[in-house]
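Please read the structure below before turning to the comments.
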Amino acid sequence: MPYGGAVSRRPVAAIVPAAGSGERLGAGVPKAMALLAGEPILVHAVRGLVAEPRVGLVVLACPQGLEASMATAATAVAGTVPVVAVTGGAARADSVRLALDVVPDAVDVVLVHDAARCLVPSHVIGAVIDAVLAGAPAVVPGLPVVDTIRAVDPAGGSRTLDRSALRAVQTPQGFPADVLRRAHATGDPGATDDAGMVEALGLAVALVPGDPQAFKVTTPQDLLLAEALLAAAGGRGEEGP
Ligand code: CTP
Ligand code: MG
């Protein structure tokens, strides 16, 4: 059932997929609850999202059994922005769909932001919202690729790709709510992210500049990097550049 409360003058809802187990991080707890500078990764992510003045609702997709504790932890840093928690699904796309189900019809713009990209700078969030409000059906932050990338030929060989034409995709990804609902109703099983699902509808995906700080905490090495970035920025609550 959709969340029935007010979304205030903040017209954007942020869905936060946080239901993954974090196998590659191996923290012994689901990744969104792993501690970074003394606080769960999820808390850093929510703090960043609500710092954007247009975000008026946060919907968390949580591992089963952690809905209440995650909602409590996120609410503590969300100020006046309401936080709703739902149980996530088996795959990330299921978690997003289950969260989308509780976003009220009155919400026009939806962001989908991985809890694991917990240090995303606010300029990236703002640029994504701006581009959706300007009319884009899907917006993703992208970064130029720094490595030389080779495409593997199933027959055995490989070839270098033109990396100037490639972008590594981050989150938050932004959409008009109706477009994202249509994309998830159709459910392209081959899509690896929400923008890919929208693309499968035949709609264009716009790119805005990403930021290295929006990297995804995936491995223990990533967590060390996040700790170092926070320490360099002055510690808890000051993850901005
Ligand atoms: N996610 C989710 N529901 C799932 C799987 C993933 O909400 N069924 C979320 C994760 O919590 C994370 C984001 O999607 O915030 C990106 O996924 P990933 O980095 O792969 O996280 P995990 O799946 O938790 O990590 P791993 O693949 O190492 O187990
Ligand atoms: Mg995963």
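Listed values, structure above:
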item: Region 100-130, subset within 16 Å of ligand 2 (Cβ to nearest atom) and among the aliphatic types (A, V, I, L, M), residue nearest to Gly48 (Cα to Cα); result: Ala115
item: Test: Ala76 is surrounded by fewer than 20 Cβ atoms within 10 Å (Cβ to Cβ) and touching a helix residue (DSSP H, G or I) at 6+ places or on another chain (Cβ under 8 Å); result: yes
item: Residue within region 214-226 that is in contact with a strand residue (DSSP E or B) (Cβ under 7 Å, 6 or more places away or on another chain), touching a residue at least 40 places away in the same chain (Cβ under 8 Å) and over 21 Å from Ala13 (Cα atoms) present; result: yes
item: When residues of region 104-123 are limited to those that are in a loop (DSSP other than H, G, I, E, B) and of a type in the set (Val, Ile, Thr), the one surrounded by the fewest Cβ atoms within 10 Å (Cβ to Cβ); result: Val107
item: Criterion (in a strand (DSSP E or B), modelled with pLDDT of 95 or more and closer than 29 Å to Ala106 by Cα) met by exactly one of Val140, Val198; result: Val140
item: Single match in Leu25, Leu36 (criterion: out of contact with any Gly (no Cβ under 8 Å at 6 or more places or on another chain), among the aliphatic types (A, V, I, L, M), within 16 Å of ligand 2 (Cβ to nearest atom) and closer than 25 Å to Leu223 by Cα); result: Leu25
item: Count of region 67-97 residues which are within 16 Å of ligand 2 (Cβ to nearest atom) and without any contact (Cβ under 8 Å) to a residue 60 or more places away in the chain; result: 3
item: Residue satisfying condition, being touching a His at 6+ places or on another chain (Cβ under 8 Å) and either closer than 19 Å to Val43 by Cα or away from ligand 1 (no atom under 16 Å from the Cβ) (or both), within set Leu133, Leu119; result: Leu119
item: Filter pass, Thr171 being touching a strand residue (DSSP E or B) at 6+ places or on another chain (Cβ under 7 Å), in a loop (DSSP other than H, G, I, E, B), closer than 21 Å to Gly22 by Cα and not small (Gly, Ala, Ser); result: yes
item: Condition check for Arg10: more than 16 Å from ligand 2 (Cβ to nearest atom) and either charged (D, E, K, R) or closer than 16 Å to Thr219 by Cα (or both); result: yes
item: Residue tally, condition within 19 Å of Leu42 (Cβ to Cβ), away from ligand 1 (no atom under 12 Å from the Cβ) and surrounded by fewer than 20 Cβ atoms within 10 Å (Cβ to Cβ), over region 85-103; result: 1
item: Inter-residue pairs, beta-carbon under 6 Å, first in contact (Cβ under 8 Å) with a residue 24 or more places away in the chain and within 15 Å of Val128 (Cβ to Cβ) and in region 9-23, second part of a strand (DSSP E or B) and within 15 Å of ligand 2 (Cβ to nearest atom), 6+ apart; result: Ile15/Val112
item: Pairs with Cβ under 7 Å, 6+ apart, first in region 161-188 and among the hydroxyl-bearing types (Ser, Thr, Tyr), second surrounded by 13 or more Cβ atoms within 10 Å (Cβ to Cβ) and part of a loop (DSSP other than H, G, I, E, B); result: Thr171/His113; Thr171/Asp114; Thr171/Arg117; Thr186/Ala200; Thr186/Leu201
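The values are calculated or read from the model by the stated rules, or taken from the named source; none is laboratory data. Since the model is a prediction, treat every value here as computed from it, not as a measurement. No Cβ is skipped: glycine too gets one built from the backbone with ideal geometry, and neighbour counts run over all protein chains shown.
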